[in-house]
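Input: a single structure, listed below in structure tokens.
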Amino acid sequence: MYKHLYSKFLQGHEGKLHLAAHSHHFWPDVSLTGHMRYWEVASTLSDHKWDEILGAELLKGQNHIAEILKLSNPKQIAFAPNTHELLTRLLSCFLEQKKLKVLTTKSEFHSFSRQINRLKEFPEVEVVELDNELENFPEILLQNITDDLDLIFISQVFFNSGRILPSALINQIIQKKNLSTIFVLDGYHGFCAVPTDLSAFEKDIFYLAGGYKYAQAGEGMCFMSIPENCQLRPVYTGWFASFTTLSSSTKEVQYAEDGFRFWGATQDLSALFRFNAVWDEFKKLGLTVDTIHTYVQSLQKEFIKIVPAAQCDLERQGHFLFMEFASVDETKKAYEDLLKAGIITDYRGRRLRFGFGMYQDEQDLKRFKIVNF
Ligand SMILES: Cc1ncc(COP(=O)(O)O)c(C=O)c1O
């Protein structure tokens, strides 16, 4: 139904079934037009290309993101090459403090857990890491929201299970936390996959996501929405954070009043052009995150009929399913056997993950019948 939109990546994977749309999503053909436009802008405008990139193109990207997430002020969205950079910039806001206390879960992305584990080696840093898979996780989470917390960092959709953090719980976290506690919602597995309405939360959360998964734009474009009137002054800062204050002669380092205060420095924004080309095209075709989600859920329902072990509550699930094996070795073997059969998946620990997208159809899933799990 939608496969024609991905003809180039499908050609590039002829004979294979890419069931890892949750990992690196295929790029629609039209992304190439966006990519080429970046080159054209560079070749015709050279140094002045930044007026175009950080002008009309940036605003277009911010508008797409704001529309997808129902954010009221697109200018509060800051960009960086990866989410790790944005996370580090946020963490740098705490450098002036004597201590740092973080509340998080055991299921956050690798760069986060690695970074926070390294920081934990300092006696001033305390990290409370909760098991998000416990039945009573919501209660435990709320109990752990204390006044001395500096940062809460939680995924919107967990990378190892695909489970969605319910909006009601996000709301409860906001109600319970201190105003000064920074709440980051890591939306990388939710953005452009799960219909998301941040309008009620935008003043209270930092939403983090990026381009190479369901946004279908490839690597190089991550973003964070910053609450309006945020006065944080990241210590890790680059010259893009103060365009509006470049000529200021005050001693204190100045920051932009909008999302630019969280930018770094010169970066390759070709992924922004790809992202805009893709979501311009989807808009023209009437394809929204809701449409994509409904389609993906229909594939997931079919897949569960073929692989019952991947069964779960689809209403609480992002765009991948998983199947758990008894050991990591068994999981790895299943992954490798599938790969030999031309079926591309991936795994995290004992969980084999299957990710769905518009470049697959029901017929493709029948290939799974050959597998005897
Ligand atoms: C939940 C989550 N957040 C963020 C990222 C991306 O991290 P980075 O942009 O720092 O490479 C990933 C990548 O898989 C992820 O799963």
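The values are calculated or read from the model by the stated rules, or taken from the named source; none is laboratory data. Model, not experiment: these values are computed from the prediction. Glycine gets a Cβ as well: all are built from the backbone with ideal geometry, and neighbour counts include every protein chain shown. Just so you know, the surface numbers come from the protein's heavy atoms only, side chains and all, with ligands and any DNA or RNA stripped out. Shrake-Rupley method; radii C 1.70, N 1.55, O 1.52, S 1.80 Å.
So, of the residues in region 26-40 that are surrounded by 20 or more Cβ atoms within 10 Å (Cβ to Cβ) and over 14 Å from Tyr2 (Cβ atoms), which turns out to be nearest to the chain's Cα centre (by Cα)? Here the answer is Ser31.
Each residue in region 187-205 was checked for being within 16 Å of the ligand (Cβ to nearest atom), open to solvent by 10 Å² or more (accessible area, probe 1.4 Å) and in contact with a strand residue (DSSP E or B) (Cβ under 7 Å, 6 or more places away or on another chain), and 3 of them qualify. Would you mind stating whether Ser107 is within 16 Å of the ligand (Cβ to nearest atom), under 30 Å from Ala20 (Cβ atoms) and not hydrophobic (A, V, I, L, M, F, W, C)? Yes: the conditions hold for Ser107. The helices (runs of 4 or more DSSP H) located wholly in region 257-373 that include 2 or more residues which are of a type outside the set (A, V, I, L, M, F, W, C) and surrounded by 20 or more Cβ atoms within 10 Å (Cβ to Cβ) occupy 270-285.
Within region 123-145, the residues that satisfy the criterion of being part of a loop (DSSP other than H, G, I, E, B), more than 15 Å from the ligand (Cβ to nearest atom) and touching a residue at least 12 places away in the same chain (Cβ under 8 Å) are Glu124, Asp131, Glu133, Asn144, Ile145. The residues listed here are Thr83, Thr88; of these, the one that is closer than 29 Å to Gly162 by Cβ, out of contact with any Pro (no Cβ under 8 Å at 6 or more places or on another chain) and crowded, with 21+ Cβ neighbours inside 10 Å is Thr83. Of the residues making up region 208-226, not a single one is touching a Lys or Arg at 6+ places or on another chain (Cβ under 7 Å) and open to solvent by 50 Å² or more (accessible area, probe 1.4 Å). Under the condition of being in contact (Cβ under 8 Å) with a residue 60 or more places away in the chain, farther than 16 Å from Phe183 by Cα and either assigned to a helix (DSSP H, G or I) or polar (S, T, N, Q) (or both), the residues counted in region 77-122 number 2. Residue count for region 62-77, restricted to those that are farther than 17 Å from Gly187 by Cα and open to solvent by less than 20 Å² (accessible area, probe 1.4 Å): 0. For region 216-236, taking the residues that are assigned to a strand (DSSP E or B) and within 14 Å of the ligand (Cβ to nearest atom), the one that is farthest from Asp197 (Cα to Cα) is identified as Cys222. Note on region 146-164: residues that are assigned to a loop (DSSP other than H, G, I, E, B) and within 25 Å of the chain's Cα centre (by Cα) total 8.
Restricting region 146-183 to residues that are among the hydroxyl-bearing types (Ser, Thr, Tyr) and more than 16 Å from the ligand (Cβ to nearest atom), the residue that is surrounded by the most Cβ atoms within 10 Å (Cβ to Cβ) is Thr181.
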